[in-house]
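The structure appears right after this line, and notes come after that.
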Amino acid sequence: MIDGQKNAERFPRRDFLMGITGAAVAGWVRPQASVASEGRKIRIGVVGGGFGTAFCWHEHPNCEVAAVSDLRADRRDRLVARFKCDTVYESLEKLILDKTLDAVAVFTPAPDHVRHCTAVMNTGKHVISAVPAAMTLEDCQTLIDTVKKTGMTYMMAETSYYRQESITARQWFKEGRFGNLFYTEAEYHHHTEPDNELNWYNGEKTWRYGYPPMLYPTHSLAFHVGVTGERLTEVMCLGQSRMNTGEYRDNVYKNAFCNAMALYKTSGGNAVRQTEFRYVAAEICERAQWYGDEMSFFMPTSTGFPGVVCRRGQKPELFEQPLHWQTDMLPEPLRHDSGHGGSHTFLTHEFISALVENRRPAVDVYEAVAYTAPGIVAHESCLKNGELLQIPDFGRSA
Ligand SMILES: NC(=O)c1ccc[n+]([C@@H]2O[C@H](COP(=O)([O-])OP(=O)(O)OC[C@H]3O[C@@H](n4cnc5c(N)ncnc54)[C@H](O)[C@@H]3O)[C@@H](O)[C@H]2O)c1
């Protein structure tokens with residue numbers, strides 16, 4: 001994260017940008033805290049010793065890591081070390097037979113999420129899933145049907161929802177500060193060349209090798225859907241290929257695209273532009289800029305541009321992002337920085353407090369599908385050379 005001070009130095013001649021604090025820029029009002037009640041402890045099982053070790057279950061006052069699992073021994077060791085939990089299963093399939101568990105955190109490969117999450121819910125346990133929710137529209141519906149049938153809680157661990165800027169943008173949207181928020185630009189750029197270590201394990205290709213960019217759309221789309229609550233209704237998308245160079249040719253998805261650019265229409269008649277680049281000469285970024293007719297908000301870029309707020313008729317102003325994770329939005333042990341823009345502690349707390357308070361989590365199954373399904377249709381549009389396609393509405397929680 002780039003701080004305002006550094007950027008004022010970096011852009012000394014940009015005298016139209018004035019370095020003032022976020023609170024001063026927008027009269028910042030902190031969102032209501034939601035600290036889980038004392039007492040009940042959720043017994044959670046954690047599956048997946050890669051990204052699955054990045055969350056803070058063991059620090060939450062209402063949670064206990066009661067079991068861990070991975071197919072790989074080295075990953076099981078990592079989970080044991082991280083969560084200080086000695087109840088270890090060799091697979092998710094074995095872990096979910098443990099009747100003492102209330103919930104399971106599923107951090108397995110993307111193509112397994114629906115199979116694994118429905119298996120968890122079918123054994124009477126709540127589930128938090130890594131992104132994306134699903135890879136087909138049929139599987140989006142399967143997830144919703146399983147939540148309805150079992151009555152279990154489903155949440156998706158969408159990090160963009162709880163980036164510090166997203167929390168701010170959501171609050172400003174609620175307060176009407178953008179005026180009409182008519183256009184969002186959202187991007188997830190992550191250069192992963194074919195020989196990247198993430199693509200290989202023990203000489204075999206992993207699930208990431210050649211994965212279609214638009215089937216991983218949630219980090220970008222959460223910046224609009226998670227801030228406004230709108231649904232995306234239509235999309236046209238262009239895909240770019242590097243298959244002619246032989247790169248990624250033999251992938252299990254038969255995918256030809258490494259970069260994709262989509263334009264969406266929203267249920268409120270607004271627009272979203274999304275770029276998903278996996279082959280780009282640029283730093284990794286997960287960011288957005290929100291355009292309103294009263295105010296616009298630009299997240300900092302990984303290439304050095306600072307966070308900026310523009311209000312109609314006024315000079316652009318540098319924005320210093322308040323750190324929500326330092327506040328009573330989180331229980332005291334979680335008030336520290338965490339990965340992906342400080343989102344991991346928030347995701348931990350939201351899932352656990354939703355279970356303790358018996359309420360739906362912010363990114364429930366309907367929201368998860370609303371961040372996921374539009375990308376699935378965008379990928380179809382890539383395959384049809386940018387044809388405009390309708391996106392089904394999977395509804396929302398009552
Ligand atoms: N910002 C984010 O939200 C973010 C960042 C990174 C990864 N992710 C997501 O998190 C998930 C995990 O990512 P990763 O990088 O750790 O992937 P990974 O492939 O490195 O790890 C997945 C792990 O799941 C284990 N596994 C698979 N099937 C299992 C089973 N049946 N039982 C027990 N263990 C099983 C594998 O052995 C592996 O160790 C992916 O879905 C990815 O999309 C999200």
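The values are calculated or read from the model by the stated rules, or taken from the named source; none is laboratory data. These numbers were taken from a predicted model, which means no experiment stands behind them. Positions of Cβ are generated from backbone atoms using ideal geometry, with glycine treated the same way; all protein chains shown enter the neighbour counts. Note: accessible area is taken over every heavy atom of the protein model, side chains too, but ligands, DNA and RNA are not part of it. Shrake-Rupley method; radii C 1.70, N 1.55, O 1.52, S 1.80 Å.
Residue by residue through segment 101-129, note down the ones that are open to solvent by 10 Å² or more (accessible area, probe 1.4 Å) and within 10 Å of the ligand (Cβ to nearest atom).
Phe107, Thr108, Pro109, Pro111, Asp112, Arg115, His116, Ala119
Return the residue satisfying two criteria in turn: it lies in segment 83-100 and is open to solvent by less than 10 Å² (accessible area, probe 1.4 Å) and touching a Ser or Thr at 6+ places or on another chain (Cβ under 6 Å), and of such residues it is nearest to the ligand (Cβ to nearest atom).
Leu92
Determine which single condition Asp337 fails, assuming it passes every other condition in (1) surrounded by fewer than 23 Cβ atoms within 10 Å (Cβ to Cβ); (2) in a helix (DSSP H, G or I).
Only one criterion in (1) surrounded by fewer than 23 Cβ atoms within 10 Å (Cβ to Cβ); (2) in a helix (DSSP H, G or I) is unmet by Asp337, namely (2).
Mind checking which strands (runs of 3 or more DSSP E) fall wholly inside segment 221-292 and carry at least 2 residues that are over 18 Å from the mean Cα position of the chain (by Cα) and modelled with pLDDT of 95 or more?
Values: elements: 232-241, 257-266, 271-277, 285-292.
Strands (runs of 3 or more DSSP E) meeting the threshold: 232-241, 257-266, 285-292.
Across segment 152-209, what is the number of residues that are within 16 Å of the ligand (Cβ to nearest atom), in contact (Cβ under 8 Å) with a residue 40 or more places away in the chain and among the polar types (S, T, N, Q)?
Number of matching residues: 6.
Mind telling me which of the residues Gly39, Gly49, Gly45 ends up being at pLDDT 50 or above, part of a loop (DSSP other than H, G, I, E, B) and surrounded by 16 or more Cβ atoms within 10 Å (Cβ to Cβ)?
Working: Gly39 fails: surrounded by 16 or more Cβ atoms within 10 Å (Cβ to Cβ); Gly45 fails: part of a loop (DSSP other than H, G, I, E, B).
So the residue among Gly39, Gly49, Gly45 that is at pLDDT 50 or above, part of a loop (DSSP other than H, G, I, E, B) and surrounded by 16 or more Cβ atoms within 10 Å (Cβ to Cβ) is Gly49.
Which of the residues spanning segment 52-61 are open to solvent by less than 60 Å² (accessible area, probe 1.4 Å) and either touching a strand residue (DSSP E or B) at 6+ places or on another chain (Cβ under 6 Å) or within 11 Å of the ligand (Cβ to nearest atom) (or both)? Please lay out each step first, then the result.
Start the filter on segment 52-61 by keeping residues that are open to solvent by less than 60 Å² (accessible area, probe 1.4 Å), which leaves 52-57, 59-61.
The answer is Gly52, Thr53, Ala54, Phe55, Trp57.
Within segment 135-168, how many residues turn out to be of a type in the set (Lys, Arg) and surrounded by fewer than 24 Cβ atoms within 10 Å (Cβ to Cβ)? Reasoning before the result, please.
Here is the first cut: in segment 135-168, the residues of a type in the set (Lys, Arg) are 148-149, 163.
Retained after the next criterion (residues that are surrounded by fewer than 24 Cβ atoms within 10 Å (Cβ to Cβ)): 148-149.
Final tally of qualifying residues: 2.
Six or more apart or on different chains, Cβ atoms under 8 Å: show the pairs whose first residue is in segment 40-55 and without any contact (Cβ under 8 Å) to a residue 60 or more places away in the chain and whose second is in a loop (DSSP other than H, G, I, E, B) and open to solvent by less than 10 Å² (accessible area, probe 1.4 Å).
Lys41/Asn62
Restricting attention to segment 315-328, does a residue exist that is in contact (Cβ under 8 Å) with a residue 12 or more places away in the chain and assigned to a helix (DSSP H, G or I)?
So the first thing to find is which residues in segment 315-328 are in contact (Cβ under 8 Å) with a residue 12 or more places away in the chain, and the list is 315-325, 327-328.
If we keep only those that are assigned to a helix (DSSP H, G or I) as well, we get 324-325.
Yes, segment 315-328 contains at least one residue that is in contact (Cβ under 8 Å) with a residue 12 or more places away in the chain and assigned to a helix (DSSP H, G or I).
Among the numbered criteria (1) away from the ligand (no atom under 16 Å from the Cβ); (2) touching a residue at least 24 places away in the same chain (Cβ under 8 Å), which single criterion is violated by Ala256?
Tallying (1) away from the ligand (no atom under 16 Å from the Cβ); (2) touching a residue at least 24 places away in the same chain (Cβ under 8 Å), Ala256 fails exactly one: (2).
Being within 14 Å of the ligand (Cβ to nearest atom) and either open to solvent by 40 Å² or more (accessible area, probe 1.4 Å) or outside the structural domain of Val106 (by TED's automatic domain parsing) (or both) is the filter here, so list the residues in segment 62-79 that pass it.
Residues of segment 62-79 within 14 Å of the ligand (Cβ to nearest atom): 67-79.
Listed by number, the residues that qualify are Leu71, Arg72, Ala73, Asp74, Arg75, Arg76, Asp77, Arg78.
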